[in-house]
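**Student:** Right, I'll just put the structure down here and ask away after.
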């Protein structure tokens, strides 16, 4: 069994020296969940009225901290743990309602209020007719040590029972959560609900203890996938982004590799990033286009992925009607059993399992606080960004 030693952990965290004493002192605030980038006024306006109040968002964060937004409690708290954006023509109560093929579940960046993404979500629902689930997390951190997936798909499915396939999309750290969810589902051969992947200023990584995540093989050619960057991004780690390119399905006809010219890191959302330079040593980049323009281009790309999913879903249904065994009509792409042998998966998850054990021994809250402490340092050092 492989166990990371101290040297490898420091390399993983990209820590060569401690952060400044000032930043360290400010980072302690994260343990009290006291910092997150707030939404801009236009983002609040685009948010469904039920979630415009800070108190409502705080209540949802508390539910997630208590473990009530996933697992057995997911369905019961579906209305409180996510912000939903419902297309005008979506009605799951009408007798003649037909199933929708595609919806979007979107994971925001680290330490960003989820309402900061409401304008983009509103474009997807109102302009392109896509049902959208925007989960709310404790501390506005979608990635937690001790687990390799968010467990939030069940709530999205509860909110939109007509949707058959979901595009897992995310910004920055949220992109890591998106591909981790899809990868974990694929390991269990549960791919029926996976409609696509979209990474915004994010990249595939293999060093989070969640297996050797790699979407470059031909067995992933069925998956609509978009990698979207911004030309003026001053936050995303360019070295890590370049290293992650070989893990993408670049040879697939369903792969989009797009750069939004003039956009920056924060332009995928609408949030106040003014404190991030001091607290996290992040410089957003000087955009030459507006947030609205960047988000409009982003929405078009996500809709392109949804159209690929629609087309592929129709083809799969036609194949099934004709008795043709398509690559993933049975619920998993061909080759999955050999891709994910159990013994390899268990070894690759040593680091993650250690946090799971710690959580079960000390309680979920302690495990969560451990992640918050690690997360603050990791973000400040540039392991991931938002």
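**Student:** Just to be sure I understand, how many residues within segment 204-224 are under 30 Å from residue 262 (Cα atoms) and surrounded by fewer than 24 Cβ atoms within 10 Å (Cβ to Cβ)?
**Tutor:** Result for segment 204-224: 5.
**Student:** For the list (1) surrounded by fewer than 19 Cβ atoms within 10 Å (Cβ to Cβ); (2) closer than 23 Å to residue 309 by Cα; (3) in contact (Cβ under 8 Å) with a residue 60 or more places away in the chain, I need the number of the one condition that residue 75 fails.
**Tutor:** Against the list (1) surrounded by fewer than 19 Cβ atoms within 10 Å (Cβ to Cβ); (2) closer than 23 Å to residue 309 by Cα; (3) in contact (Cβ under 8 Å) with a residue 60 or more places away in the chain, residue 75 comes up short only on (2).
**Student:** Of all residues in segment 96-124, count the ones that are at pLDDT below 95 and assigned to a strand (DSSP E or B).
**Tutor:** Counting residues in segment 96-124 that are at pLDDT below 95 and assigned to a strand (DSSP E or B) gives 2.
**Student:** Residues 127, 93: which one is under 29 Å from residue 254 (Cα atoms) and either modelled with pLDDT under 95 or out of contact with any strand residue (DSSP E or B) (no Cβ under 6 Å at 6 or more places or on another chain) (or both)?
**Tutor:** Going through 127, 93 in turn, the sole match is 127.
**Student:** Residue 156 - would you say it is part of a helix (DSSP H, G or I), on the phi < 0 side of the Ramachandran plot and surrounded by fewer than 22 Cβ atoms within 10 Å (Cβ to Cβ)?
**Tutor:** Taking the combined requirement at face value, the residue does not satisfy it.
**Student:** Could you please find all residues in segment 34-62 being in a helix (DSSP H, G or I), closer than 21 Å to residue 144 by Cβ and free of Cβ contacts under 8 Å to residues at least 40 places away in the same chain?
**Tutor:** Listed by number, the residues that qualify are 58, 59.
**Student:** Only one of these conditions is not met by residue 167: (1) more than 15 Å from the chain's Cα centre (by Cα); (2) closer than 21 Å to residue 114 by Cβ. Which number is it?
**Tutor:** The failed condition is (1).
**Student:** Are any residues in segment 279-295 surrounded by fewer than 17 Cβ atoms within 10 Å (Cβ to Cβ) and farther than 15 Å from residue 234 by Cβ, and if so, which ones?
**Tutor:** 290, 292, 293
Condition check ((1) over 20 Å from the mean Cα position of the chain (by Cα); (2) under 23 Å from residue 205 (Cβ atoms)) across all residues:
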residue	(1), (2)
243	no, yes
253	yes, no
261	yes, no
268	no, yes
271	no, no
280	yes, yes
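**Student:** Right, something else. Being in contact (Cβ under 8 Å) with a residue 60 or more places away in the chain, in a loop (DSSP other than H, G, I, E, B), more than 21 Å from residue 306 (Cβ to Cβ) and over 16 Å from the mean Cα position of the chain (by Cα) is the filter here, so list the residues in segment 180-217 that pass it.
**Tutor:** 189, 207, 209, 211, 212, 217
**Student:** Among (1) in contact with a helix residue (DSSP H, G or I) (Cβ under 8 Å, 6 or more places away or on another chain); (2) in contact (Cβ under 8 Å) with a residue 40 or more places away in the chain, which single condition is residue 276 missing?
**Tutor:** Single failed check for residue 276: (1).
**Student:** Could you list, in sequence order, all residues of segment 125-139 that are under 17 Å from residue 67 (Cβ atoms) and outside any loop (DSSP other than H, G, I, E, B)?
**Tutor:** Within segment 125-139, 135, 138, 139 meet the criteria.
The values are calculated or read from the model by the stated rules, or taken from the named source; none is laboratory data. From a predicted model like this one, the values you see are computed outputs, not experimental measurements. We place every Cβ from the backbone using ideal geometry, glycine too, and count neighbours over all the protein chains shown.
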